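Shown next, in structure tokens, is the structure this report addresses.
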Amino acid sequence: HVRVYPAEHTFSQAIAHRTREIGVRMAVGASAMQIKTMVMKDGYRPVVEGLVLAVEPLAALRIALDDLDAQVAKFENEIDAVRRRQDRDRSLLDAGAINAKQLSELQHELETLQRRQSSLEDSLLEVMERREELQEDQAGELARIDALQSELTSAQKSLDDAVTELNQTRHQCVSRRD
């Protein structure tokens, strides 16, 4: 599972711990973009790493779901084949143009086909249940990615606000000196 980093708090902490450094850098001429880049490196890294780490389990889930889809299709095809065979055998029985030995063989085959169909349906049900579990996991991973992307957006806004505030503070300091 992906660890969700609170990006807004990460930026707030980065800015709060480095306010003096940021102020000094701005006082000696660092541009807002340079400050922004410096803070982004510290604040974005954990969130971006979280996004990168979220991609791998999501890809693995997609592959597992594709494999399960293939298994579902295989089981459904086998069940259909068993049903067609049962229908053919029943039509032979209903026609009544068979001898006692053939009747016994068809009845035995129908019983065998019924057990086979039941076994295939049980297996299909297990695969479909597993598929539902993986779909829930996938939805969870997608929600985590959405949360991280929302945090990146929020962090970007927090950073922009902080840079604006620092620029205003710098302009006030320059105005006082003049």
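The values are calculated or read from the model by the stated rules, or taken from the named source; none is laboratory data. A quick note: this is a predicted structure, and the numbers were derived from the prediction, not measured. Neighbour counts run over all protein chains shown; Cβ positions are idealised from the backbone, glycine included. Note: accessible area is taken over every heavy atom of the protein model, side chains too, but ligands, DNA and RNA are not part of it. Shrake-Rupley method; radii C 1.70, N 1.55, O 1.52, S 1.80 Å.
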_Dipole of the chain [Lys/Arg +1, Asp/Glu -1 at C-beta], most positive-end residue of 57, 77, 127_ = 57
*Where does each of 74, 36, 101 land when they are ordered by accessible area, with a 1.4 Å probe and the largest first?*
101, 74, 36
*As a check on your grasp of the helix formula, calculate [θ] at 222 nm for the chain: sum -39500 (n - 2.57) over DSSP H runs of n ≥ 4, divide by the residue count, round to the nearest 500.*
-33500 deg cm²/dmol
*asked:* I'd like to check one number: the per residue accessible area of the chain, probe 1.4 Å, reported in Å² as a whole number.
replied: 66 Å²
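Could you give the size of the charge dipole of the range 86-167 about its Cα centre, using +1 on the Cβ of each K and R and -1 on the Cβ of each D and E, expressed in debye and rounded to the nearest 20?
580 debye
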*asked:* Among 124, 113, 134, which one shows the highest mean-square fluctuation when the chain is modelled as a Gaussian network with alpha-carbon springs under 10 Å?
replied: 113
*Using a simple charge model, +1 on the beta-carbon of Lys and Arg, -1 on the beta-carbon of Asp and Glu, nothing else, what dipole does the chain show about its Cα centre, in debye to the nearest 20?*
1220 debye
*Given the protein chains as shown and a 1.4 Å probe, how many square angstrom of residue 118 are accessible, to the nearest 10?*
50 Å²
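Students sometimes get this wrong: rank 145, 63 by accessible area, probe 1.4 Å, all chains present, largest first.
Ranked list, largest accessible area first: 63, 145.
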*Within a Cβ distance under 11 Å of residue 58, other residues only, what is the Lys/Arg minus Asp/Glu net charge?*
-1
*In whole Å, what is the distance between the alpha-carbon centres of the range 123-144 and the range 59-84?*
14 Å
*Net charge near residue 102, counting Lys/Arg +1 and Asp/Glu -1 over other residues with Cβ under 14 Å of its Cβ?*
-1
*For the chain, calculate the relative contact order in percent as a whole number, restricting contacts to Cα pairs under 8 Å that are 6 or more residues apart.*
43 percent
*Which label belongs to the value computed from this structure, given these candidates for P(r) over Cα pairs in 5 Å bins from 0, in percent: (1) 1, 8, 15, 17, 18, 15, 12, 7, 5, 1, 0; (2) 1, 8, 12, 14, 15, 15, 14, 11, 7, 3, 1, 0; (3) 1, 7, 11, 10, 8, 7, 7, 6, 6, 5, 5, 4, 4, 4, 3, 3, 3, 2, 2, 1, 1, 0, 0, 0?*
(3)
*Karplus couplings for the range 26-36 from phi (6.51 cos²θ - 1.76 cosθ + 1.60, θ = phi - 60°), rounded to Hz, Gly and Pro as x?*
5, 5, 8, x, 5, 7, 4, 5, 5, 5, 4
